[in-house]
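This report concerns only the one structure given below.
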Amino acid sequence: MKVIVSKDYESLSKKAAVLVQSQLMWKPDSVLGLATGSTPVGLYQELIKLYQQGDIDFSEITSFNLDEYLGLPMDDQQSYYSFMRENLFDHINIREDHIHIPNGMAEDFKSECLNYESSISSHGGIDLQILGIGHNGHIGFNEPNVEFEAKTHIVSLDEETIEANKRFFDSIEDVPKKAISMGIKTIMKSKKIILMASGEGKADIISQLVKDDIKPDLPASVLHLHENVIILIDEAAASKL
Ligand code: GLP
């Protein structure tokens, strides 16, 4: 686990963009694992800038998003599908048929999970996975005490996660209580992982992640077992290290 501390959110986002850019230089048809939440928004803005300058090309990439809320139609403003369109996909040259986001409105969730997992495998697995981290240590929507062996599955969101995500909804009642998420095992199969965190609010969980042992009540701690992980944080998120 390599920890890189950047001065602030802007420089953190720029560094993450450089890592994605170099990944695409090595392998233009890379499979990218993408995350939602506020943390990667700066990275996505930097990638859009690079694209507009002609310095990055997404025409051959394939993307798989980590997760999606259950019960929100794709065109709902709060769906992760809408989030990705607005914050990245509508502004770059990714091919429409190369975008994968779990379907939170699937008729058969079991098949949806199995198909998502096998689609990742049939594309050769994820080359570079971008992660944020929840205040409770979740990655994707893998909440504390998730099984480390879990593949793409249906999860019930923790109270803390519902509370944290209510800022995007009109009221807490509107926050979906369940989601479909890549599992820890799916994430761990990625060839490279970048976990990003910014701000003082993440300082506690980052300190636990870096200093503590691997334990199921801190899902991100499993990353200690991965050979190619960068923890990319700003000074505020690093303030308790
Ligand atoms: C959500 C997402 C996670 C994300 C986390 C942190 O619950 N499912 O993938 O990492 O929130 O979000 P933020 O970056 O807004 O703190």
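Coordinate-derived values only; no laboratory data. Just so it is clear, the model here is predicted, and its values are computed rather than measured. Here Cβ is always computed from backbone atoms with ideal geometry, including for glycine, and neighbour counts include all displayed protein chains.
Before moving on, here are some points about what is shown:
- Test: Lys202 is within 17 Å of the chain's Cα centre (by Cα), in a helix (DSSP H, G or I), more than 16 Å from the ligand (Cβ to nearest atom) and not hydrophobic (A, V, I, L, M, F, W, C): no
- Answer residue from the stretch 104-144, given it is more than 16 Å from the ligand (Cβ to nearest atom), part of a loop (DSSP other than H, G, I, E, B) and not acidic (Asp, Glu) and is nearest to Leu12 (Cα to Cα) among those: Gly125
- Glu147 being crowded, with 19+ Cβ neighbours inside 10 Å, touching a residue at least 60 places away in the same chain (Cβ under 8 Å) and not hydrophobic (A, V, I, L, M, F, W, C): no
- The residue that is farthest from the ligand (Cβ to nearest atom), among those in the stretch 145-159 that are of a type in the set (D, E, K, R) and in a loop (DSSP other than H, G, I, E, B), is Glu149.
- In summary, Tyr69 fulfils each of the numbered conditions (1) in contact (Cβ under 8 Å) with a residue 40 or more places away in the chain; (2) closer than 24 Å to Gly124 by Cα; (3) of a type in the set (Ser, Thr, Tyr) with the single exception of condition (2).
- Checked against (1) out of contact with any strand residue (DSSP E or B) (no Cβ under 9 Å at 6 or more places or on another chain); (2) more than 26 Å from Lys189 (Cβ to Cβ); (3) touching a residue at least 12 places away in the same chain (Cβ under 8 Å), Ala17 passes all but condition (2).
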